[in-house]
Every structure is written in structure tokens, then in C-alpha cells.
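Have a look at the structure below, then the notes.
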Amino acid sequence: MDLSYEVKDHYAEITAEGRLNMVSAPKLRDMVAEVVAAGTNRIVVNLQETSFMDSSGLGALIGCLKAARQAGGDLRIAQVQPQVQMVLGLTSIDKVLMSYPTAAEAFAND
């Protein structure tokens with residue numbers, strides 16, 4: 001999985017490309033920790049190029065959500081692909097981890 005981030009006006013957008021699984025989950029956790037440590041606690045994970053997510057990836061997203069909230073912010077996801085949305089729905093995590101059509105819309109009304 002390739003990860004990158006860009007700080008926007010009032011949030012950071014992390015772009016995840018590839019498979020979010022047990023191999024790449026720690027990388028996502030580390031990047032979120034890096035973003036939070038740099039002073040940005042509002043984070044959007046763009047999943048447009050994430051083709052697959054397993055339980056390790058799900059755990060990483062929840063851990064990242066917790067880290068952002070502990071820093072006084074929030075973590076949201078955007079452009080979720082069908083396989084990833086299915087995992088979120090089957091586990092009911094989609095009730096806790098809000099999904100948005102685009103990264104820009106994730107914090108548009110906050």
C-alpha cells in the first residue's frame with residue numbers, strides 16, 4: 001500500500017492506494033500518528049484507490065479514529081470503494097466511521 005498525505009486548509013487528507021490489510025495497517029497507524037503529532041487532528045482518509053480491506057485494516061481505521069479523537073479532532077473516510085464499504089457495513093462500523101463522497105465534503109459543514 002502506498003500512503004501519502006497533504007495538509008489542506010482545516011484538515012489533512014491521507015491517500016491510501018492498494019490493499020489495507022495486516023501488512024499495510026501499521027503504516028496507516030504510523031501516518032495518522034505522524035499527522036496528529038504535527039498538529040493536525042482532523043483527518044480524512046481517501047479510500048478511492050483502496051481496492052481491498054480486511055479486519056486488520058478495519059482495526060487500523062478504528063485505531064486511527066481513536067487517535068484523532070483523543071487529540072481533540074476526528075477521522076473520516078471518503079470515496080469508499082464497494083468492497084471496503086461492504087466490510088464497513090457487515091461490521092456496522094459505518095455507523096461510527098462516517099463516509100463521504102469526497103475528501104473536501106468530509107469537513108465541509110464543520
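Computed values, structure above
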{"item": "Test for E6: is it touching a residue at least 12 places away in the same chain (Cβ under 8 Å), farther than 19 Å from S92 by Cβ and acidic (D, E)", "result": "no"}
{"item": "Qualifying residues in the range 64-95 (those that are part of a helix (DSSP H, G or I) and among the small types (G, A, S)) - the one modelled with the lowest pLDDT", "result": "G89"}
{"item": "Test: residue in the range 35-58 that is more than 16 Å from I14 (Cα to Cα) and either assigned to a loop (DSSP other than H, G, I, E, B) or out of contact with any helix residue (DSSP H, G or I) (no Cβ under 9 Å at 6 or more places or on another chain) (or both)", "result": "yes"}
{"item": "Test result for G39, among the small types (G, A, S), in contact with a strand residue (DSSP E or B) (Cβ under 7 Å, 6 or more places away or on another chain) and farther than 19 Å from L97 by Cα", "result": "no"}
{"item": "Pair list, Cβ < 7 Å and 6+ apart or interchain, from the range 29-58 residues that are under 16 Å from R69 (Cα atoms) to residues that are of a type in the set (D, E, K, R)", "result": "R42/D74; V44/E13; V44/R76"}
{"item": "Qualifying residue in the range 11-22 (condition: over 10 Å from the mean Cα position of the chain (by Cα), touching a residue at least 40 places away in the same chain (Cβ under 8 Å) and assigned to a loop (DSSP other than H, G, I, E, B))", "result": "yes"}
{"item": "The range 4-42: number of residues that are in contact with a Lys or Arg (Cβ under 8 Å, 6 or more places away or on another chain) and under 24 Å from F52 (Cβ atoms)", "result": "1"}
{"item": "Meets criteria (aliphatic (A, V, I, L, M) and under 22 Å from N109 (Cβ atoms)) for A78", "result": "yes"}
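Yes or no, residue by residue, for (1) under 11 Å from the mean Cα position of the chain (by Cα); (2) surrounded by 16 or more Cβ atoms within 10 Å (Cβ to Cβ):
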{"position": "V35", "(1), (2)": "no, yes"}
{"position": "A60", "(1), (2)": "yes, yes"}
{"position": "A68", "(1), (2)": "yes, yes"}
{"position": "A71", "(1), (2)": "no, yes"}
{"position": "A78", "(1), (2)": "yes, yes"}
{"position": "V84", "(1), (2)": "no, yes"}
{"position": "S92", "(1), (2)": "no, no"}
{"position": "P101", "(1), (2)": "no, no"}
{"position": "A108", "(1), (2)": "no, no"}
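The values are calculated or read from the model by the stated rules, or taken from the named source; none is laboratory data. Since this is a predicted model, take the numbers as computed values, not measurements. All Cβ positions, even for glycine, are placed from backbone atoms using ideal geometry, and neighbour counts span all protein chains on display.
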